[in-house]
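The values are calculated or read from the model by the stated rules, or taken from the named source; none is laboratory data. Worth saying up front: this structure is predicted, and the values here are computed from it rather than measured. Positions of Cβ are generated from backbone atoms using ideal geometry, with glycine treated the same way; all protein chains shown enter the neighbour counts. These accessible areas exclude ligands, DNA and RNA; they are computed on the full protein's heavy atoms, side chains included. Shrake-Rupley method; radii C 1.70, N 1.55, O 1.52, S 1.80 Å.
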Amino acid sequence: MASVTIQGVKKKFGATDILHGVDIDIADGTFTVLVGPSGCGKSTLLRMIAGLEEITGGEIRIGDKRVNDLPPKERDIAMVFQNYALYPHMTVRDNMAFALMLAKQDKATIDAKVARAAEILALGALLDRYPRQLSGGQRQRVAMGRAIVRDPQVFLFDEPLSNLDAKLRVAMRSEIKELHQRLKTTSIYVTHDQIEAMTMGDKIVVMRDGRIEQTGSPLELYDHPANQFVAGFIGSPSMNFLPGILRRSADGLRVELADGTQLDAPPQSSGVDGQPVIFGTRPEHLTLVPEGAAHGGIPSRVVVMEPSGMDTFVACRHEGVELSAVFRERHDFAPGSTIHLQPDMKTAHLFSVDTGQRLAA
């Protein structure tokens, strides 16, 4: 096992800048997730760590070794791909053993390593089958087994669950996390799915346009997003954003929405009187103001209701802006009716209209 250090790493394809000086420190034994929208550079960065892409600038170290110019086979890493990359003419056993055979390890050692990986991944009954005889989830487990037998310093996962159906993805998330807890091997996992990132990572690196927006634990990013992009990307359903004006008075700081609705500003907010801001609140942090109450909250017109059994998702609009609410209770609002939603100010945020940064004191 080893730490991975990425310092000032840049990547160009021709005249196009893909990565703009990325810095990440990945501690030994941790599970780090690189997440961001398509085209943000996360898979390119992973391939640079693996040695499959050349580094334009900066430095990558695995443990104490600078690996910029080392070929992939000398980096002591193992990569699990989105498309499994299994040899169709080889059995599961031979797929898992192939890298060890190339390394000219003896048969007893190879058999022992394959048996251990098969036991960890519950593949013992499938060793004599061919990839075409396996389900998608079984093929992905074989791909992971092929990585495990090499006992690498670092595992690299490039969107390994993208080709699986929704139910199987949930199951495989748990399997990969359990595998990491068992092996304790440093792992770097790339995904565009923030649910995967939140549920699997010790540390999440949020990327956009070849830059890092924020790095932290899943709950750090959820509770204290550095900017509006991270706030909107992390969390499902995503955070609601309403434009407003900051009003400072002797009574404190308030936010005035487009229709004149006045809300207390979140605690520890900063800003100047008259400053345009974006008010952010998560759907699950909205509560319903009871009918007959002296109406407070945000007046919202119901557009669609989606009961799931466990909770009720309500899509609304406030002054033409989309607004979502999630209630654990069951409701039956008529489309077109108006409800009043009260944000939990302890979990709400203000963002600068100009920079997108969170306005925190």
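First compute the accessible area of the chain with a 1.4 Å probe, then give the percent of it belonging to carbon and sulfur atoms.
Roughly 49 percent of what the probe reaches on the chain is carbon or sulfur.
Roughly how many Å² is the accessible area per residue of the stretch 195-244, as a whole number, for a 1.4 Å probe?
Accessible surface, normalised per residue, equals 37 Å².
Going down the list 10/107; 73/203; 42/107; 10/203, which pairs span over 32 Å between their C-alpha atoms?
10/107; 42/107
I'd like the trypsin sites (Lys or Arg not before Pro) in the stretch 155-226 restricted to DSSP loop residues with at most 15 other Cβ atoms within 10 Å, sorted by number.
Numbers: sites: 167, 169, 173, 177, 182, 184, 203, 208, 211; in loops: 184.
Counting only loop positions with at most 15 other Cβ atoms within 10 Å, the trypsin sites (Lys or Arg not before Pro) in the stretch 155-226 are 184.
Quote the FRET efficiency, to the nearest 0.05, computed for residue 184 versus residue 270 with a Förster distance R0 of 56 Å and r equal to the Cβ-Cβ distance.
Efficiency for this residue pair is about 0.85.
Measure nothing but the geometry: give the 0 to 90° angle between the long axis through the Cα atoms of 136-148 and the longest principal axis through the Cα atoms of the chain, rounded to 10°.
60
Given a Förster radius of 41 Å and the C-beta distance between residue 321 and residue 115 as r, what FRET efficiency does 1/(1 + (r/R0)^6) yield to the nearest 0.05?
0.10
Could you calculate, for the chain, the ratio of the Cα radius of gyration to the Kirkwood radius, expressed as Rg to Rh?
Ratio of gyration radius to Kirkwood radius for the chain: 1.07.
By accessible area of protein heavy atoms, probe 1.4 Å, what ranking do 107, 73, 10 get, highest first? Don't jump to the answer; show the numbers that get you there.
Working: 107 145, 73 170, 10 105 Å².
So, going from the largest accessible area down, we get 73, 107, 10.
What is the list of residues in the stretch 183-200 whose amide nitrogen lies under 16 Å from a point 7 angstrom out from the Cα of residue 217, following Cα to Cβ?
Hits in the stretch 183-200 for residue 217 at 16 Å: 198-200.
Taking a quarter of the surface of the convex hull around the Cα atoms of the stretch 1-113, what do you get in nm²? Could you put the intermediate results ahead of the total?
Working: hull surface 35.6 nm².
Result: a mean projected hull area of 8.9 nm².
Starting from 0.36 nm per residue, how many nanometres of slack lie between residue 70 and residue 195 once their C-alpha separation is accounted for?
Gain on stretching residue 70 to residue 195: 41.6 nm.
How far is helix 166-183 tilted, in degrees, relative to the longest principal axis of the Cα atoms in the chain, given as a value from 0 to 90 rounded to the nearest 10?
Once rounded, one gets 60 degrees.
In nm, to one decimal, how far is the residue 108 label point from the residue 254 one, both placed 7 Å along Cα→Cβ?
The modelled label-to-label distance comes out at 8.2 nm.
Starting from the Kirkwood radius over alpha-carbon pairs of the stretch 282-348, derive D by Stokes-Einstein at 4 °C in a medium of 1.567 mPa s and give it in µm² s⁻¹.
Rounded to a whole number, D works out at 108 µm²/s.
Largest first, please: the extent of the C-alpha atoms of the stretch 135-194 along each principal axis, to the nearest Å.
Taking the Cα atoms of the stretch 135-194, the three principal extents are 30, 25, 18 Å.
Where does the stretch 26-80 land on Rg(C-alpha)/(2.2 N^0.38 Å)? Don't skip to the answer; put the middle values down first.
On the way: Rg = 11.6 Å, N = 55, 2.2 N^0.38 = 10.1 Å.
This ratio for the stretch 26-80 stands at 1.15.
Tell me the GluC sites (Glu not before Pro) within the stretch 206-264 that lie in a loop according to DSSP and have at most 11 other beta-carbon atoms within 10 Å.
none
Please compute the contact order of the stretch 182-307 in relative form: average sequence separation of alpha-carbon pairs under 8 Å and at least six residues apart, divided by the residue count, as a percent.
So the answer I get is 16 percent.
Helix 92-102 versus the longest principal axis of the chain: what is the Cα-based angle in degrees, 0 to 90, to the nearest 10?
70
Could you work out how much longer the chain between residue 291 and residue 303 gets when fully extended? Use 0.36 nm per residue separation minus the Cα distance between them, nm to one decimal.
Working: separation 12, 0.36 × 12 = 4.32 nm, distance 1.87 nm.
Length gained between residue 291 and residue 303: 2.4 nm.
Based only on Cα atoms, what mean projected area does the convex hull of the stretch 147-245 have, in nm²?
Values: hull surface 31.7 nm².
That works out to 7.9 nm².
For every helix of n ≥ 4 consecutive DSSP H residues, a contribution of -39,500 (n - 2.57) applies; sum these over the chain, divide by its total residues, and give [θ] at 222 nm rounded to the nearest 500 deg cm²/dmol.
Result for the chain: -7000 deg cm²/dmol, rounded to the nearest 500.
Give me the orientation-averaged projected area of the Cα convex hull of the stretch 205-329, in nm², one decimal.
Result: a mean projected hull area of 9.7 nm².
Using a 1.4 angstrom probe and counting only protein chains, how large is the accessible area of residue 130 in Å², to 10?
Its accessible surface works out to 70 Å², give or take rounding.
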